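Notes for the one structure printed next.
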Amino acid sequence: TKNFNCQSQADARTYLYLTPTFAFSPVTEVINEGWRCGPDTITDVNNVFKHYLGVHYYHNYTSGKLPMEPSSQRYIMEFEAGQPFERQGMEWSVVRVKGQSFMLHQIRKMVGLGISIVRGHTSLKTLDEAWGMKRIDIPRAPGLGLMLDQIHYDRYNKRFAGDGVHEGLGWEGQMDVVEKFKDDFIFSDIIETEGKEKSMMTWMGDVLPLHTFTPRHFESDVHEPSPLRGASLKAKREEKEMKNANSKENQAAINVDIVDQAVVENVPA
């Protein structure tokens with residue numbers, strides 16, 4: 001129709017987040033890509049995700065927003081992890097998120113905090129506190145699995161679709177083709193890339209342990225001490241020092257070889 005704006009006239013948006021299910025494993029378990037969901041795992045995950053439903057302030061889930069700032073308020077209609085399926089030696093689940101609109105990093109942080117709660121890094125208390133006046137550092141899940149699935153134009157379709165002139169805006173009648181394309185090209189690429197880069201496993205091992213989930217004054221940049229964070233940082237420092245030491249030893253060995261070779265050839269080193 002005349003003056004139609006596809007952005008401002010959208011009623012809602014649905015995003016999908018394809019993740020290996022080992023992201024839902026308990027933090028106390030040593031896991032690999034062979035980890036599989038138990039009979040209650042997805043139910044437990046969705047019992048956490050359902051707390052996002054409704055209207056809340058998401059200032060802690062993006063940047064540049066102050067507590068209770070009206071522009072940080074968002075309405076979430078659906079948030080649910082789908083039943084697991086296996087592909088290329090790993091088990092996967094598609095998380096579906098439908099909301100009126102979203103801000104930068106919001107979905108990845110919602111998924112990140114949800115996984116943190118499911119795994120046992122923190123509790124539902126952190127999710128409740130994130131709506132409030134304090135600043136909380138929320139982990140941002142890897143971007144690899146996130147995709148826009150559908151934009152909803154319910155009001156437009158109700159008003160114009162079927163009037164004999166305009167067609168409805170949506171995937172109705174094309175769902176089989178859409179799902180096949182999604183599975184053949186988008187999901188397959190994500191699964192292949194995850195297998196090569198292991199972004200979720202790396203994030204779980206290197207990023208999650210650094211988060212304290214401790215509320216602090218919103219203008220404060222000071223991180224609260226955490227034994228797990230401290231241990232992780234110490235391990236990284238020691239690993240870096242070990243690499244530097246090995247590098248120096250290797251260079252010294254190369255220098256010795258150069259000198260020995262110069263002596264043999266009777267030329268200045």
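List of remarks:
- As for the stretch 53-62, it holds at least one residue that is out of contact with any Pro (no Cβ under 7 Å at 6 or more places or on another chain), modelled with pLDDT of 95 or more and among the hydrophobic types (A, V, I, L, M, F, W, C).
- Residue list for the stretch 10-31, restricted to those being modelled with pLDDT of 95 or more and either hydroxyl-bearing (S, T, Y) or surrounded by fewer than 14 Cβ atoms within 10 Å (Cβ to Cβ) (or both): T14, Y15, Y17, T19, T21, S25, P26
- Some residue of the stretch 66-75 being in contact (Cβ under 8 Å) with a residue 12 or more places away in the chain and closer than 24 Å to L169 by Cβ: yes
- Taking first residues from the stretch 238-260 that are loosely packed, with under 10 Cβ neighbours inside 10 Å and partners that are at pLDDT 65 or above and of a type in the set (G, A, S), no Cβ contact under 7 Å between residues at least 6 apart in sequence or on separate chains turns up.
- Per the conditions (1) open to solvent by 80 Å² or more (accessible area, probe 1.4 Å); (2) in contact with a helix residue (DSSP H, G or I) (Cβ under 9 Å, 6 or more places away or on another chain); (3) not aliphatic (A, V, I, L, M), the sole criterion not satisfied by Q7 is (2).
- In the stretch 156-183, the residues that are aliphatic (A, V, I, L, M) and either open to solvent by less than 100 Å² (accessible area, probe 1.4 Å) or in contact with a strand residue (DSSP E or B) (Cβ under 6 Å, 6 or more places away or on another chain) (or both): A161, L169, M175, V177, V178
- Hey, I186 open to solvent by less than 20 Å² (accessible area, probe 1.4 Å) and assigned to a helix (DSSP H, G or I) or not: no
- Qualifying residue in the stretch 209-219 (condition: open to solvent by less than 80 Å² (accessible area, probe 1.4 Å), hydroxyl-bearing (S, T, Y), at pLDDT 90 or above and under 19 Å from A23 (Cβ atoms)): no
- If you check A161, A130 for being without any contact (Cβ under 8 Å) to a residue 40 or more places away in the chain, closer than 21 Å to Q100 by Cβ and of a type in the set (A, V, I, L, M, F, W, C), only one passes: A161.
- Meets criteria (of a type outside the set (A, V, I, L, M), outside any helix (DSSP H, G or I) and touching a residue at least 12 places away in the same chain (Cβ under 8 Å)) for F213: yes
- Filter pass, M110 being open to solvent by 60 Å² or more (accessible area, probe 1.4 Å) and under 25 Å from H152 (Cα atoms): no
- Top-ranked residue in the stretch 40-76 [being more than 20 Å from the chain's Cα centre (by Cα) and either open to solvent by 70 Å² or more (accessible area, probe 1.4 Å) or of a type in the set (F, W, Y) (or both); ranked as nearest to F24 (Cα to Cα)]: D40
The values are calculated or read from the model by the stated rules, or taken from the named source; none is laboratory data. Being a predicted model, the structure only gives us computed values, none of them experimental. We place every Cβ from the backbone using ideal geometry, glycine too, and count neighbours over all the protein chains shown. These area figures cover heavy atoms from the full protein model, side chains too; ligands, DNA and RNA do not enter into them. Shrake-Rupley method; radii C 1.70, N 1.55, O 1.52, S 1.80 Å.
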